Structure formats: C-alpha cells, structure tokens
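Please treat every number below as a calculation from the coordinates, not as lab data. Being a predicted model, the structure only gives us computed values, none of them experimental. Don't worry about glycine lacking a Cβ; one is built from the backbone with ideal geometry, like all the others, and counts go over all protein chains shown.
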Amino acid sequence: MKTQYYCAASLDGFIATEDDSLDWLFALGSLEESSYPAFIAEVGALAMGSATYEWMLRNADKVAVEAGSPWPYTQPAWVFTSRQLPLIPGADVRFVHGDVRGVHADMAAAAEGKNLWIVGGGALAAQFLSAGLLDELIVQVGSITLGAGKRLLPLRMPHPMRLTSAQQYGPGFAELRYEIGRSAA
C-alpha cells in the first residue's frame, strides 16, 4: 500500500486557478488518454480537501456526463473540512477535520491493502507530506502556464524526492513520478 498524491498541474506549478477553475485542464486532454484508469484501479480509499469537494458539488452535472454519476468514485472518501457540507447522493463520504495522521490510519484500514489517493488540494497533500505519510507524487504537467492560482504543494521547507519516471501523454501532458522517502518528514 502506498499513499499517493496524483494530480495535474500547470507548467508553473498550479493545480487550479485562483477561483478554483479547472477549465484549463480539461482543454488539454482526456482522462482516458492518461495513466488514470490504471491508477484508480489500485486505489482503495481517498482524501480530499473541502475546496476539491465543493468543486465536485458545483460541477456534479459535468462529472455525471463524463463519469455516469455525480460522484465518480466507488472507494470511501474522507473530506477534510471544518464546515457543514452537503452530501453528494450515493457517495461514501466521511467528513473529518484535524490532524491527517489519525485519518490516514482509518483510510489504510478501509483500503484493505490498496493504495490511498490524496486527491487534492495542494495544502492537504502538503499536510500528508509534512506528516511523513506521502510515498509518491504523480503529477500530470500540462502544457500551459496559469501565472497564479492554487499551488501544487504549498510548502515552507524542502522535501527531497526521487524522480522514478517521466512519460508523455498526448500533446498536452508529461507525467512525472516521484518517490518520497518517509524520512522526508
């Protein structure tokens, strides 16, 4: 079992615009033309921040057209939030707050040996990384710059990583995979 942060980012390191738009991302390619289908097959549980979950709420109709359902995941999901948020019908979601360590243990138990996916955002992934719980970063680097927005990993200290692979997907993406030593915390 690995804890992985799988995401897409602009060439200048942003995962979303300042107003949480992902329109730039969808213009660059399709999930089916990436490593996503193989990746998601190995995921047993996932975590996301409230901004990512709220994006799912706002875009439920678009998600349903693409995935066949407003909630595209069959795995249990932990959503980190300090606010009351509506539940997406049919979603196996647990709303949590606080330290990621305890939630990570609950996710690992639910995943039954499969991988854990930190969906986003960057601040949540940075918490898992800083706690020494992130094993791998998989980033689809898009052929676009945004100039500003939500950072891939808003960190205040360096964290060593080792590049394990680089692969092109279509004309719009390069996938970079990094191994993160648990000693990075």
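Observations
- Segment ARG83-ALA41, extension gain: residue separation times 0.36 nm, minus the distance between their alpha carbons: 12.1 nm
- Three semi-axes of the equivalent ellipsoid, the stretch 74-167, Cα gyration tensor, whole Å, largest first: 24, 17, 15
- Percentage relative contact order, the chain, counting C-alpha pairs under 8 Å, at least six apart: 34
- For the chain, the square roots of the Cα gyration tensor eigenvalues, ordered a ≥ b ≥ c, give a/c below 1.5, which places it in the rounded category.
- Given their separation in residues at 0.36 nm each and the Cα-Cα distance between them, ALA109 and LYS62 gain 13.8 nm when the chain is fully extended.
- Mean separation of Cα pairs under 8 Å and 6 or more residues apart, divided by the residue count, gives the stretch 45-112 a relative contact order of 33 percent.
- Taking a straight Cα-Cα cut-off under 27 Å and skipping sequence neighbours fewer than 8 places away in the same chain, the lysines within cross-link reach of LYS2 are LYS114, LYS150.
- Rounded Å value of the spacing that divides the Cα centres of the stretch 61-91 and the stretch 2-31: 18
- For peptides 102-110, 85-93, 7-15, sequence by mean Cβ density within 10 Å, most packed first: 7-15, 102-110, 85-93
- Cα gyration tensor category, rounded, prolate or oblate, for the stretch 45-112 with a/c compared to 1.5: oblate
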